[in-house]
């Protein structure tokens, strides 16, 4: 019996962004320069395969700095850290390398400028996400308020005696964030915001690519970790813009093959912290079960790169 036909539409861009590339390279270069072990505070990026590969090369992942020996180098993750973490590292005279994405640092600096100008900052983001914890940790307690949803934006309490500004987590849904900003602006028309939204170019580009493909797909797979905000937003984007059946999987082992029965057009993308090998493995598994046609659907081109810390530059 012949294999059923399946057309796979591959989103481009997908997978690693410049900030993730930089963060991984920082750990790899640190291992080359200082030898093993190099400690990493929290997952360097939200992907189990990346973490496992770095562990096999000699990286040790920890939750807090207190787990790091005094004389060992430590890397801060791409999501950014609170100022208290940096202060602790400096207080202990630790050798630390900051792998925070430069676009996250940009949000940190903006929040600090607003605070110095006497503004209360509204941060649009998801509670508990490492990036949000790091960003809120740039300012004293009470100087920033988290806003998670449109409904929250319509009711959130703010200081009555301070002007307002807003910033956003870099990995949010473009559409949902626009709605939250609009709700806040309706209540606080003098609120100050960034000249351009804080959502990073890679998050935006990947969502736009999925949005363009979704109406042509019966089913959509996004490669990424459950803890990855930008990956979850890709699933939501597919569901909201034309492909109701969409799933987030960490790797080929999580594919629900029964869900692909009757599917003729399958969309595939990958979050900004998912390595391309995960996509390759999915395609290989599909080739074993289907008469496969693969089409690359090109979107925005990306040529962004970020510099490494000076001590690691070749």
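Read-outs: derived from the displayed coordinates by stated rules, not from any lab. Here the structure is a predicted model, which means the values were calculated and not measured. Quick reminder, even Gly has a Cβ in these numbers, built from the backbone with ideal geometry, and neighbours come from all protein chains shown.
Build a GNM of the chain with springs between Cα atoms under 10 Å: which of 29, 90, 196 gets the top mean-square fluctuation?
196
Between region 218-280 and region 122-169, what is the separation of their alpha carbon centroids in Å?
Distance between centres, Cα-based: 30 Å.
What distance in nm separates the two pseudo spin-label positions at residue 276 and residue 93, each 7 Å out from Cα along the beta-carbon direction?
4.5
Given 0.36 nm per residue, what is the gain on full extension from residue 247 to residue 291 after removing their alpha carbon distance, in nm?
Details: separation 44, 0.36 × 44 = 15.84 nm, distance 2.19 nm.
That pair, residue 247 and residue 291, stretches by 13.6 nm at full extension.
Under 15 Å from a point placed 7 Å out from the Cα of residue 227 along the Cα-to-Cβ direction: which residues of region 126-141 have their backbone N that close?
128-134
Along the Cα→Cβ direction, 7 angstrom out, place labels at residue 53 and residue 239. What is the inter-label distance in nm?
Simple spin-label model gives 2.9 nm for this pair.
Taking a cut-off of 19 Å, what percent of all Cα-Cα pairs in region 18-98 are separated by more than that? Provide the component values of the computation, followed by the final result.
Numbers: 895 of 3240 pairs.
Of all Cα-Cα pairs in region 18-98, 28 percent lie more than 19 Å apart.
Please find, in a Gaussian network model of the chain (springs between Cα atoms separated by less than 10 Å), the residue of 62, 279, 132 whose mean-square fluctuation is greatest.
Largest GNM mean-square fluctuation: 62.
Suppose R0 equals 35 Å; then what is the FRET efficiency for residue 148 and residue 5 from their Cβ-Cβ distance, rounded to the nearest 0.05?
Step by step, r from the Cβ atoms, then E = 0.25.
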